[in-house]
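Single-structure report; data block below.
Only the coordinates and a few stated rules stand behind these numbers; no lab work does. Computed from a predicted model, the values in this text were never measured in an experiment. As a convention, Cβ positions derive from the backbone with ideal geometry for all residues, glycine included, and neighbour counts pool all protein chains shown.
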Amino acid sequence: MKGSSYRPPCPTPGCGRPRHRNRFARWGVQSHCSRCCQRIRRHGEVDQRAVLQREWRKVATRLRRLVQRGGKADRVELAFRQIASNLAEVTVDDLRQPSQNGKARVWVPRWQAQALDEVQRVLGDTDPIASGYLICAMFVLREADSRRFASDRGFNFELVRMWRKQTRLAYGSWYNPETDTVRGYWKDLPPRVVEYVAELLLVAYSRVAGLALGAVRKERERQAALRDNLNEGFAPLLAD
């Protein structure tokens with residue numbers, strides 16, 4: 001009814017909050033409540049659980065040990081440095097060009113330029129080797145438990161969030177005069193910026209991530225074969 005303040009409930013199961021008015025229309029999630037819209041902006045999906053740093057660090061440590069055991073640490077580190085260098089050299093002219101717009105100079109949307117700027121800011125303040133192991137660890141996490149990520153979009157958002165968390169540039173601060181303290185907060189990027197950053201990272205690291213997944217699979221097969229051999233060896237003793 002015209003003039004009524006009624007707002008339909010959020011479609012998220014179990015939420016029940018009223019849908020937010022057009023504040024988040026530019027994100028394409030205006031049909032949800034304010035809380036669910038914020039979760040979509042940060043995690044890509046309403047039901048996507050945040051990945052904790054200790055999760056990927058445990059996997060990254062395992063990957064480092066596998067690489068060192070195979071004697072390929074130098075080659076892997078060189079590959080990570082080269083990938084980071086290639087990403088840092090990407091310019092606006094290298095991005096996908098939607099149109100000439102009738103001008104002599106090729107243009108790109110502002111959000112693509114913002115995504116490229118964010119990539120270069122993070123690369124300039126992080127260790128390329130640590131970043132490489134982080135991204136490979138995220139791929140291993142997804143393969144080990146596909147239910148950990150609500151969708152490919154959820155994985156992409158968590159990948160970018162963990163990658164940006166390596167640097168303090170992803171955080172902001174503000175002064176609270178009531179408590180006389182400085183409080184920090186996480187700087188969210190627009191969803192389409194996050195998606196484009198994820199696209200750049202996936203293209204750059206897809207090959208090395210595939211090699212990491214193959215190494216983990218071989219290690220699992222080796223451990224499974226070792227367990228089978230031990231079980232066969234102890235079977236006669238247990239039977240007696």
inquiry  = Show me the ranking of peptides 137-145, 109-117 by mean Cβ neighbours inside 10 Å, starting with the highest.
reply    = 137-145, 109-117
task = Quote to one decimal, in nm, the extra length available between Arg81 and Val203 on full extension: 0.36 nm per residue of separation minus the C-alpha distance between them.
result = 42.4 nm
task = Calculate, for Arg110 and Ser34, the FRET efficiency according to 1/(1 + (r/R0)^6) with r their C-beta to C-beta distance and R0 25 Å; round to the nearest 0.05.
result = 0.50
query = Using a basic spin-label model with each label point 7 Å from the Cα along Cα→Cβ, how many nm lie between Asp180 and Asp117?
reply = 3.7
Where trypsin sites (Lys or Arg not before Pro) fall in DSSP loop in the range 147-218, at most 13 other Cβ within 10 Å = Lys187
note = Expected unfolding gain across Glu89-Glu221 under the 0.36 nm per residue rule, minus the alpha-carbon gap, is 43.6 nm
